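Derivation of every value follows stated rules applied to the coordinates shown; laboratory data play no part. Quick caveat: nothing in here was measured; it's all calculated off a predicted structure. All Cβ positions, glycine included, derive from the backbone under ideal geometry; neighbour counts span all protein chains shown.
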Amino acid sequence: MIRIGLTYDLRSDYLAMGLSMEETAEFDKEETIAGIEAALRALGYATDRIGHAKALIRRLEAGDRWDLVFNICEGLFGVAREAQVPALLDLYGVPYVFSDPLVLALTLHKGMTKRVVRDAGVPTSDFCVYEEPADLATLRFGPPFFVKPVAEGTGKGCTARSIVHDRDTLATVCDNLVARFRQPALIEPYLGGREFTVGITGTGRQARIVGSMEIVLLANAEAGVYSFANKGNYEDRVAYPATDPARDPVAAAAERVALDAWRALGCRDGGRVDIRCDSDQHPMFLEVNPLAGLNPKDSDLPILARMAGVSYTELIRRIMDSATARLAARQP
């Protein structure tokens, strides 16, 4: 039987260490690990819970090995934190599911990611990476602006104040983010059109759309932004209607942009791409999540898969099929 190791960051572990709710927002609940494990076992795999990166180091040093590691570790420190576990596994020659260190380091930095997708011809808005006020000399577009940390997920750092309506206050907003998150800020034009998240499984030319859903803010949501607070209180602030690309040309165009970005970035096995339209409803690449949340109930990828008629176990099967196929192709 194929033995699958599970690497993950359990939120309760880090909360017990004294980290805040915001600092641990991207980490996983026990129910996520249990859901993945149950799906893998239903597919005929044996599983072994490893845990976070330091636990992995201890197991590797002790001589433990696995046929494949199902890695969803987000990491804790640094802009390349998501690349730490894959880099360790590469060092020890242990194969794993999802993207490699290069892709995970690149895609966590939203500015670097946009440079690559723009060079590949994928539609994305203009942008400016801000570390200090002098960086505004390179700003080539006018207000309204949207400002967020360059290397965070789950809407961290995104609030109603992220929408900046005049250039005079832009430096202050950016400086506050830089100080708070200890990383650069990303400035983009505020896009006022529709917003989508698109689920993808597979690698390269074999990558396929699982499904997509629109993000619609309700009346009691923070206006205009899919913020940290809106995501955390999505039950009464956000609606997620499924899309019908066959009847909705904007949704179809959003899926094409998402798939083009996924392939251009070299993402593997499964994840999500976020798309937002400009005021003329032209879809623009926002960011990619190559380690998308896999909570069976609450995470976007399983939710949009269910909307498309794909069960959680089937979603995990598609991810595993992609990983095993590309690994088999590497064998002599």
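Separation of the range 189-213 and the range 29-86, taken as the distance between their Cα centroids, equals 26 angstrom.
Our estimate of slack between Ser311 and Val238, defined as 0.36 nm per intervening residue step minus the Cα-Cα distance, is 24.0 nm.
Going by Cα centres, the range 234-297 and the range 159-175 are how many Å apart? A separation of 26 Å, based on Cα centres.
Can you tell me how the range 252-332 classifies by the Cα gyration tensor, rounded, prolate or oblate, using a/c under 1.5 as the rounded cut? Judged from the Cα gyration tensor, the range 252-332 comes out oblate (a/c at least 1.5, b/c at or above a/b). Amide H to amide H, with H built 1.01 Å from N, Leu68 comes under 5 Å of Arg3, Gly5, counting only residues 5 or more places away or on other chains. Positive contributions from Lys and Arg (+1) and negative ones from Asp and Glu (-1), summed over other residues with Cβ under 12 Å from the Cβ of Asn230, come out at -2. Stretching Asn220 away from Arg180 to a fully extended chain increases their span by 11.7 nm, per 0.36 nm per residue minus the current alpha-carbon distance.
Could you please rank Tyr312, Tyr45, Tyr240, placing first whichever residue has the fewest other Cβ atoms within 10 Å of its Cβ?
The most exposed by this proxy come first: Tyr240, Tyr45, Tyr312.
Once the Cα-Cα distance is subtracted from the 0.36 nm per residue extended length, the Glu30 to Ala160 segment shows a gain of 43.7 nm.
A simple spin-label model places pseudo-atoms 7 Å from Cα toward Cβ; at Asp168 and Arg330 they are separated by 5.6 nm. Note on Cys277, Cys267, Cys158: ascending count of other Cβ atoms within 10 Å places them as Cys277, Cys158, Cys267, the fewest first. If the Kirkwood radius is taken over C-alpha pairs of the range 1-137, then at 25 °C and 0.890 mPa s the Stokes-Einstein diffusion coefficient equals 146 µm²/s.
Could you sort out which of Lys54/Lys156; Lys231/Lys297; Lys54/Lys110; Lys29/Lys297 sit more than 23 Å apart by Cα distance in this structure?
Values: Lys54/Lys156 25 Å; Lys231/Lys297 14 Å; Lys54/Lys110 27 Å; Lys29/Lys297 11 Å.
Cα-Cα > 23 Å for Lys54/Lys156; Lys54/Lys110; rest within.
Span-like helix criteria (full DSSP H runs; alpha carbon extent of at least 15 Å along the helix axis; mean Kyte-Doolittle hydropathy of at least -0.5) are satisfied in the chain by 30-42, 170-181, 249-265, 312-330. Shown is the FRET efficiency for Thr138 and Arg58, computed with R0 = 45 Å from the Cβ-Cβ distance and rounded to the nearest 0.05: 0.50. For the chain, a Gaussian network of Cα nodes joined below 10 Å ranks Leu294, Leu139, Leu186 by mean-square fluctuation, and the top entry is Leu139. Among Arg237, Arg182, sorting on how many other beta-carbon atoms sit within 10 Å of each Cβ, with the fewest leading, yields Arg182, Arg237.
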